[in-house]
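The values are calculated or read from the model by the stated rules, or taken from the named source; none is laboratory data. Owing to the predicted nature of the structure, the values given are computational and were not obtained by experimental measurement. As a convention, Cβ positions derive from the backbone with ideal geometry for all residues, glycine included, and neighbour counts pool all protein chains shown. For accessibility, only protein heavy atoms count, side chains too; no ligands or nucleic acids. Shrake-Rupley method; radii C 1.70, N 1.55, O 1.52, S 1.80 Å.
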Amino acid sequence: MAHDKQSVFNQMKLNIFLAFLLGLNAPSIGAWNLVSKVNADARGLPGAETLVSVASGTASAYPTAGNPYPGNVICLNATTCQFGPISASRLYNSQRTMTVMGCTSYYNCGGQITDTNVTVNTGMTWEEAIKAWVDKHGTSVTRTHAYAYSTATGWTTQICAAWGTYGAAYFMMPGTDSCATPPIPPNQCDVLGASVDLNHGVLKVGEITGSTAQATRQVTCTQSANVRYLVSEGNPVAVGLGVSTTLTVNGVKAGDMIKLPAGTSSLSIASTLTDNGAQAGEFSKTVVLIQSFM
């Protein structure tokens, strides 16, 4: 009997020792790590094309060992606030410009009109706040308008993605910052409206040269731009029956450079005829204007 008791005692000690080792290696329950990604596909932000651009991106929370974010939620100047991914881009003077992930226009970057946050309070731990966010959004969200930054010359030195709280003020969570050189958004000018029909009407011999027909379209550019509108087959263009036309854009011969401002402006396209030995009959021609940035 004494031998049997000793065997049981040794076995109990072994079990306790194994449980102690498992306790040391088990991850903390409910621990999360936060990451963000910015993609280099910048575009102008509606309502602020000359001031702000955005890039798409992803914000993720995944389970991890330990507790990367100890302590309670910090809501600056308030007891409740919003928690989620933010843009925290670095400015030329080392300060930060904060916006909320998912602001689709200049007017809703203030913080409350996006769907990438969750309401938290200062009585919660950071891990509880992250869990609340995961319960609402899942472990990852992606937005086409994710992270915003200024395009003013020399203003933004890095575009940064982070996590934080906001409401009365922004607080960026330490250790969640991810920065990269901001991509330069490509300029784009879009001509609005249907194809242009320049109709000279009925003309008599001797009235052809100098006859002008004109149409106006709206053009919207994301930034100010030096643009050439090239005629697909040269300028002037033979339109038939001994008649040619010279096309102009905003009073400048097509093919020469014009300057368009950022935002929406007028684009005046005109045709001026020349009689090169005109014959009676109907003439017409379809040409393509090619937009080229300088």
- Nonlocal amide H pairs with T157, under 5 Å, H built at 1.01 Å: R90, L91, Y92
- Query: If you count, for each residue, the other Cβ atoms within 10 Å and average over each peptide, how do 85-94, 259-268, 160-169 line up from highest to lowest?
  - Reply: 160-169, 85-94, 259-268
- Potential lengthening between A78 and N226 on full extension [0.36 nm per residue; Cα-Cα distance subtracted]: 48.4 nm
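How large a share of the accessible area of region 166-213, in percent, is made up of carbon and sulfur atoms when the probe is 1.4 Å and the other protein chains stay in place? Can you show the working numbers first?
Details: 1660 of 3030 Å².
That fraction is 55 percent.
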- Query: Amide H to amide H under 5 Å from G164: which residues, 5+ apart in sequence or cross-chain, H placed 1.01 Å off N in plane?
  - Reply: G84, I86, M173
- Gained length - A215 relative to T264, 0.36 nm times residue gap less alpha-carbon distance: 16.0 nm
- Item | Accessible area of region 198-283 divided out per residue, in Å², using a probe of 1.4 angstrom | 51
- Query: Full extension from N199 to A280: what is 0.36 nm times the residue separation minus their Cα-Cα distance, to one decimal in nm?
  - Reply: 27.5 nm
- For the residue pair D190 and N39, what label-to-label distance in nm results when each label sits 7 Å from Cα along the Cα-to-beta-carbon direction? 1.9
- Expressed in square angstrom to the nearest 10, the accessible area of D177 with a 1.4 Å probe stands at 50
- For M173, solvent-accessible area (1.4 Å; no DNA, RNA or ligand), Å²: 0
- Projected area of region 128-273, taken from the Cα convex hull and averaged over every viewing direction, in nm²? 14.5
- Per residue, accessible area of region 38-98 with a 1.4 Å probe, heavy atoms of protein chains only, in Å², comes to 44
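Given R₀ = 45 Å, FRET efficiency for S94-V288 by Cβ-Cβ distance, to 0.05?
Given R0 = 45 Å and the Cβ-Cβ separation, E is 0.35.
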- Message: I'd like the Karplus ³J(HN,Hα) series for region 198-209: coefficients 6.51, -1.76, 1.60, θ = phi - 60°, whole numbers in Hz, and an x wherever there's a Gly or Pro.
- Response: 9, 9, 8, x, 7, 10, 9, 4, x, 10, 7, 4
